[in-house]
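Asker: This structure is in structure tokens; I'll ask about it shortly.
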Amino acid sequence: MSIKKRVLTGITTSGTPHLGNLAGAVLPAIQASKDNSTSSFLFLADYHSLIKNLDPKLTHSSSLEIAACWLACGLNPKKVTFYRQSDIQHIMELTWILSCLTAKGLLNRAHAYKDAVSKNQESKNKDLDKGITMGLFNYPILMAADILMFNADIVPVGQDQQQHLEMTREIARRFNHHYQDLFTIPNAQINKVSGVIPGLDGNKMSKSYNNVIPVFESKDKLRKSIMKIQTNSLKPGDPKKTEGCTIFKIFQSFADEQEQENLKIDYSKGIAWGEAKERLFELLLDRLDPYRQEYKRIIKDKGEIENILQEGASKAHEISSPLMLKIREAVGIKSF
Ligand code: ADP
Ligand code: TRP
């Protein structure tokens, strides 16, 4: 009997699903889940949300929206293990065990922490750790626990997450070497086609930067968001470059090759920015329409979403419970 490769990915429940989440995580993960040679673990990273915000309403509403997003985009809960991180307490337990064998120096090098320190440096704060919580600092360990708890082989994520995967591999190796060979060393699968989807200001589209284009808002709001994309001062008629252009980069992530080629030609002919945005809006409406319709229907039935997640948690426990027993034994935590 061949053992299926495990593919695992999660989304932090700290905001409304945006185009970056869709192109960088949700759609590729759902596509991969259709492959019968793999088994998929897709989850709501709700404890990760507390790292980014302390607003209980936001964490809660975002969990529902992101659950509905996965389902609307075609996740089949019968086929994949779809769960809420907080329903699997073993993940928190593993986080502690991993914390006790992870070098602090490794976490000092984490991008999220280093960025926060640089911001303090830039604003000339004497305390370089000002406003930085232990949650933010320990974030890569929680993510390692998410992945190792299910012995995932492949972790599809956006480019920005590559470093966390490298850290996970290092932490897993350390455990395997020091205690017992219990963890699979996971591989990141970076969605190369879309890479990092830029947001309204040209930086990575992210809830944290407040520059997102939400997927499931009304048509009007979607259009308004797109019209807010920042462009340079080139006038209609001026030839424009597609490289480094936010509108084009987003367009590219959802368009087929012919559509991309057509827009490229129009750029060289000097398409007006307003017109390019209009083209992006039309394309997104068309590509996202089935998901947007489904989302409207699903989000109304919270009870059904809860049932699906509870079933997912039971399936997840079938894997996390026996592995947790082995982990506890390996570290010397067991009954007499
Ligand atoms: P955010 O940056 O908005 O907080 P998350 O960290 O919750 O988003 O990301 C969830 C998933 O979506 C991750 O796999 C992440 O890499 C992917 N993702 C988020 N933003 C982008 C983006 N702008 N481009 C590509 N993928 C992204
Ligand atoms: N940290 C990831 C992000 O911000 C989300 C996430 C949490 C995740 N745990 C994970 C992704 C485990 C993959 C695997 O994008």
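Asker: Let me confirm something: among K228, K219, which residue is closer than 22 Å to E294 by Cα, surrounded by fewer than 14 Cβ atoms within 10 Å (Cβ to Cβ) and more than 13 Å from ligand 1 (Cβ to nearest atom)?
Answerer: None of the others qualify; the one that does is K219.
Asker: Looking at (1) away from ligand 1 (no atom under 11 Å from the Cβ); (2) in contact (Cβ under 8 Å) with a residue 40 or more places away in the chain; (3) outside any strand (DSSP E or B); (4) surrounded by fewer than 24 Cβ atoms within 10 Å (Cβ to Cβ), can you tell me which one S39 breaks?
Answerer: In the conditions (1) away from ligand 1 (no atom under 11 Å from the Cβ); (2) in contact (Cβ under 8 Å) with a residue 40 or more places away in the chain; (3) outside any strand (DSSP E or B); (4) surrounded by fewer than 24 Cβ atoms within 10 Å (Cβ to Cβ), S39 misses (3) alone.
Asker: Pick from the stretch 196-216 the residues that are near ligand 1 (Cβ under 9 Å from one of its atoms) and among the small types (G, A, S): which of them is nearest to the chain's Cα centre (by Cα)?
Answerer: Looking at residues that are near ligand 1 (Cβ under 9 Å from one of its atoms) and among the small types (G, A, S), I get S206.
Asker: Across the stretch 159-173, what is the total count of residues that are open to solvent by less than 20 Å² (accessible area, probe 1.4 Å), in contact (Cβ under 8 Å) with a residue 24 or more places away in the chain and under 18 Å from I51 (Cβ atoms)?
Answerer: The total comes to 4.
Asker: Continuing with the same structure: Looking at the stretch 174-187 only, could you name the residues that are outside any loop (DSSP other than H, G, I, E, B) and surrounded by fewer than 19 Cβ atoms within 10 Å (Cβ to Cβ)?
Answerer: Once the filter is applied, which keeps residues that are outside any loop (DSSP other than H, G, I, E, B) and surrounded by fewer than 19 Cβ atoms within 10 Å (Cβ to Cβ), the stretch 174-187 yields R174, N176, H177, H178, N187.
Asker: Right, Q252: outside any loop (DSSP other than H, G, I, E, B), under 20 Å from L22 (Cβ atoms) and open to solvent by 30 Å² or more (accessible area, probe 1.4 Å) or not?
Answerer: yes
Asker: Follow-up. Which of the residues that make up the stretch 294-336 are assigned to a helix (DSSP H, G or I) and open to solvent by 100 Å² or more (accessible area, probe 1.4 Å)?
Answerer: K296, R297, K302, E311, E318, L325, K326, E329
Asker: Only residues that are within 24 Å of C73 (Cβ to Cβ) and open to solvent by 30 Å² or more (accessible area, probe 1.4 Å): list them for the stretch 259-284, please.
Answerer: E259, Q260, R279, E282 - these are the residues of the stretch 259-284 that are within 24 Å of C73 (Cβ to Cβ) and open to solvent by 30 Å² or more (accessible area, probe 1.4 Å).
Asker: If you don't mind, there's one more thing I want to ask. Among the residues of the stretch 50-62 satisfying the criterion of being part of a helix (DSSP H, G or I) and more than 10 Å from ligand 2 (Cβ to nearest atom), which is least open to solvent (accessible area, probe 1.4 Å)?
Answerer: So the residue we want is S62.
Asker: I'd like the residue in the stretch 11-36 that is hydrophobic (A, V, I, L, M, F, W, C) and within 12 Å of ligand 1 (Cβ to nearest atom) and, out of all such residues, is surrounded by the fewest Cβ atoms within 10 Å (Cβ to Cβ).
Answerer: Result: L27.
Asker: Limited to the stretch 239-249, what total is found for residues that are surrounded by 12 or more Cβ atoms within 10 Å (Cβ to Cβ), part of a loop (DSSP other than H, G, I, E, B) and not polar (S, T, N, Q)?
Answerer: Selection size over the stretch 239-249: 3.
Asker: Of the residues that make up the stretch 104-111, is at least one more than 30 Å from K326 (Cβ to Cβ), touching a Leu at 6+ places or on another chain (Cβ under 8 Å) and either among the small types (G, A, S) or touching a residue at least 12 places away in the same chain (Cβ under 8 Å) (or both)?
Answerer: No: the stretch 104-111 contains no residue that is more than 30 Å from K326 (Cβ to Cβ), touching a Leu at 6+ places or on another chain (Cβ under 8 Å) and either among the small types (G, A, S) or touching a residue at least 12 places away in the same chain (Cβ under 8 Å) (or both).
Asker: Of the residues in the stretch 154-186, how many are of a type in the set (S, T, N, Q), within 12 Å of ligand 2 (Cβ to nearest atom) and modelled with pLDDT of 95 or more?
Answerer: So the count comes out to 2.
Asker: Now for a separate question. For the stretch 73-148, list the helices (runs of 4 or more DSSP H) that sit wholly inside it and hold at least 1 residues that are in the same structural domain as I308 (by TED's automatic domain parsing) and closer than 30 Å to N36 by Cα; which are they?
Answerer: Hits in the stretch 73-148: 89-99, 134-148.
Asker: Still on this model: Of the residues A29, A68, A25, which is away from ligand 2 (no atom under 13 Å from the Cβ), in a helix (DSSP H, G or I) and either among the hydrophobic types (A, V, I, L, M, F, W, C) or in contact with a Leu (Cβ under 7 Å, 6 or more places away or on another chain) (or both)?
Answerer: Just a single option satisfies the conditions, and that option is A68.
Asker: Continuing with this model, one more query. Just checking, how many residues over the stretch 245-264 are touching a Leu at 6+ places or on another chain (Cβ under 9 Å) and under 19 Å from N203 (Cα atoms)?
Answerer: Total meeting the criteria: 8.
Asker: Follow-up question, since we're still on this one. Within the group N120, N191, N203, N151, which residue is open to solvent by 50 Å² or more (accessible area, probe 1.4 Å) and either polar (S, T, N, Q) or within 10 Å of ligand 2 (Cβ to nearest atom) (or both)?
Answerer: N203
Asker: Quick one: is P214 modelled with pLDDT of 95 or more and open to solvent by less than 20 Å² (accessible area, probe 1.4 Å)?
Answerer: Yes.
The values are calculated or read from the model by the stated rules, or taken from the named source; none is laboratory data. No experiment lies behind these values; they were computed from the predicted model shown. When we count neighbours, we look across all protein chains shown, and the Cβ atoms used for this are built from the backbone with ideal geometry, even at glycine. Please note that ligands, DNA and RNA were not included when accessible areas were found on the heavy atoms of the full protein model with its side chains. Shrake-Rupley method; radii C 1.70, N 1.55, O 1.52, S 1.80 Å.
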